[in-house]
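Where a number appears in this text, it was derived from the coordinates with a stated rule and is not lab data. Everything quoted here is computed from the prediction, not taken from an experiment. Cβ placement follows ideal geometry from the backbone for every residue including glycine, while neighbour counts extend to all protein chains displayed.
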Amino acid sequence: MDNSYDIIIRGGTVVTASDRFQADVAIAADTIVAVGRGLGPGRREIDATGKLVLPGGVDAHCHIEQLSAAGIMNADTWESATGSAALGGTTTVISFAAQHMGLDLTQVVADYAALARNGAIVDYSFHMIVSDPTEITLRDHLPALIREGHASIKVFMTYDRLRVHDEQMLDILLTARENGALVCVHAENHGIIAWMGKRLIERGYTAPKFHAVSHPRVSEAEAFNRLIAMAALIDQPIMIFHVSTVEGAAVIRRARGEGLKVFAETCPQYLFLTAQDLDKPGVEGAKWMCSPPPRTEMDQEALWRALDLGDLQTISSDHAPYAFDESGKLSSGPNPTFKQVANGLPGLETRLPLLFDAMVSKGRMSLERFVELTATAPAKIYNLHPKKGSIAIGADADIVVWNPDVSVTLTDALMHDRTGYTPYAGRTVQGWPVIVLRRGEVIVENGRLQAQPGSGRFLPRQGGWAAQPSERLQAEMDAERNFGASLFSRAK
Ligand code: URP
Ligand code: ZN
Ligand code: ZN
């Protein structure tokens with residue numbers, strides 16, 4: 001009799017990004033130590049008969065306890081956000097440490113890290129938002145922070161207080177390249193959005209539904225093209241966040257076809273919502289306002305196709321939580337123009353149930369693909385694999401026992417984040433996480449969260465993106481050498 005197992009998850013169907021099979025999963029301390037048949041016994045046995053045994057979700061884009069572009073604080077704390085993530089089957093998040101103008105990036109990261117250390121319930125890591133790429137930030141702070149395990153940078157091409165212009169973008173891309181970090185980008189054309197917004201407001205079109213009009217679809221494709229050109233010049237891998245349009249997906253397909261190092265994600269709001277959702281009486285539509293905005297059914301289909309083809313590799317929540325009251329969406333008063341409303345939707349808890357229902361229960365994609373898009377691929381792209389994102393010997397025991405048969409109608413009251421609403425209220429989804437383990441600890445059972453705030457661990461992520469220069473960059477560097485310059489390195 002082998003007593004070395006703390007937990008056996010018995011009799012379920014184990015699913016990875018490549019396979020599904022009947023097996024028991026054995027856990028010792030925080031690690032998966034065996035996958036096989038007839039294992040055990042374990043000190044605790046979890047009966048997974050008729051259930052799926054999936055890797056915990058990895059949500060690589062969520063805003064937690066963060067100051068927005070307009071200076072409004074998220075509704076969630078680390079405790080409430082990651083508690084809701086766990087209840088929805090997500091066991092790893094990558095959130096943001098947001099540098100606003102004039103702030104010291106090292107201090108910013110330390111401040112966000114302290115919040116997460118006190119509150120996190122699932123394991124976490126950070127993308128560093130750089131909005132003020134000063135000389136010291138580029139030369140000293142970023143390289144040191146990347147070495148400490150913050151191996152991704154987030155940059156905004158829009159939002160008045162966060163955006164960087166093209167020259168700053170090139171500086172950041174070069175710094176990332178020299179230090180092996182990935183650059184993630186919110187890519188929309190700022191000028192188009194500002195111009196459209198101003199004209200709409202001047203003419204009295206102030207309701208939330210005009211937020212969608214103020215982000216024309218060309219503003220996405222234009223910014224993607226410009227960003228991709230800059231990344232190609234520097235030969236720096238990029239991740240394009242929240243792709244929302246047919247045209248945006250096509251730009252990415254072409255760039256990847258040309259061999260450029262371009263990754264891209266979409267989010268449930270672009271697969272399940274449309275601009276029509278913003279068209280509600282009064283300012284109610286503010287609950288559905290995010291940037292880029294939800295688009296059309298045609299865009300939804302294009303995004304599903306791009307996921308099918310592998311043009312988009314991950315689906316993140318872009319959880320950006322604001323309550324529908326004076327602390328959040330209505331912070332400018334009860335009757336704001338769409339320009340005065342904080343952008344963002346809650347989504348950490350609903351990401352996996354919505355996607356499981358659409359992909360697996362409704363038969364659009366395989367179970368393996370569901371696991372790949374929501375756990376394995378983000379873990380690989382962001383250097384968290386093989387510890388996270390799979391069920392394999394030696395991986396962290398982050399596991400979701402999933403009931404594929406149960407149907408749940410989403411309601412505001414069912415949610416556990418602090419916004420007080422879900423944009424998906426009234427939808428019925430088939431499939432729900434019933435037991436969630438994080439590093440071998442059962443943190444969700446019978447719909448109840450049972451984990452201590454602060455029990456989530458920081459996941460340092462090392463760089464590793466600086467590969468051999470592309471032929472294009474090599475040619476540029478060879479040309480430089482002919483006249484003795486060094487343009488594509490920070491050295492002068
Ligand atoms: O509307 C959104 N997505 N708000 C969050 C900030 C961001 O990443 O755009
Ligand atoms: Zn964004
Ligand atoms: Zn975001």
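Overview of results
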quantity: Formal net charge of residues neighbouring Ser131 (Cβ-Cβ distance under 12 Å; K, R +1; D, E -1); calculated: +1
quantity: Label point at Asp308 placed 7 Å out along Cα→Cβ; residues across region 424-452 whose backbone nitrogen lies under 20 Å; calculated: none
quantity: Centre separation in Å (Cα based) which lies between region 328-373 and region 376-401; calculated: 23 Å
quantity: Likely footprinting exposure, Met230, Met477, fewest C-beta neighbours within 10 Å first; calculated: Met477, Met230
quantity: Spread of Cα-to-Cα distances over 10 Å intervals beginning at zero, given as percent, for region 359-413; calculated: 21, 41, 29, 9
quantity: Helical contribution to [θ] at 222 nm, DSSP H n ≥ 4, -39,500 (n - 2.57), averaged over the chain, rounded to 500; calculated: -8500 deg cm²/dmol
quantity: Fraction of antiparallel bridges per DSSP, region 57-385 only, in percent to nearest 5; calculated: 5 percent
quantity: Charge sum, other residues only, whose C-beta stays under 13 Å from Val155's C-beta, Lys/Arg counted +1 and Asp/Glu -1; calculated: -2
quantity: Farthest positive-ward along the chain dipole, Cα basis, beta-carbon charges - from Thr92, Ala221, Ile136; calculated: Ala221
quantity: Two-site label geometry, Glu45 and Asp140: point separation in nm, points 7 Å out along Cα→Cβ; calculated: 6.1 nm
quantity: Region 282-437 shape via C-alpha gyration tensor axes, a/c threshold 1.5; calculated: prolate
quantity: Partners for Lys209 among lysines (Cα-Cα distance below 20 Å; same-chain residues under 8 apart left out); calculated: Lys198, Lys280, Lys287, Lys329, Lys339
quantity: Pair Ala194, Ser366: separation of 7 Å Cα→Cβ label points (nm); calculated: 4.8 nm
quantity: Dipole of region 367-492 [Lys/Arg +1, Asp/Glu -1 at C-beta], most positive-end residue of Val406, Pro433, Gly454; calculated: Gly454
quantity: Extreme residue, positive dipole direction of the chain, given options Ala48, His165, Phe356 (C-beta unit charges); calculated: Phe356
quantity: Highest to lowest packing among 172-183, 282-293, 410-421, scored as the average C-beta count within 10 Å; calculated: 172-183, 282-293, 410-421
quantity: Cβ crowding within 10 Å averaged over residues, with 54-61, 141-148, 372-379 ranked highest first; calculated: 54-61, 372-379, 141-148
quantity: The chain - charge dipole about Cα centre, Lys and Arg +1 at Cβ, Asp and Glu -1, debye rounded to 20; calculated: 300 debye
quantity: Share of alpha-carbon pairs per 10 Å distance bin for the chain, given as whole %; calculated: 4, 20, 31, 26, 13, 4, 1, 0
quantity: Added length on full extension, which subtracts the Cα-Cα distance from 0.36 nm per residue, Leu414 to Arg448; calculated: 11.1 nm
quantity: Cα-based shape type of region 222-348, given that a ≥ b ≥ c are square roots of the gyration tensor eigenvalues and the cut on a/c is 1.5; calculated: prolate
quantity: Virtual spin-label span in nm between Ser18 and Met101, 7 Å along Cα→Cβ; calculated: 5.0 nm
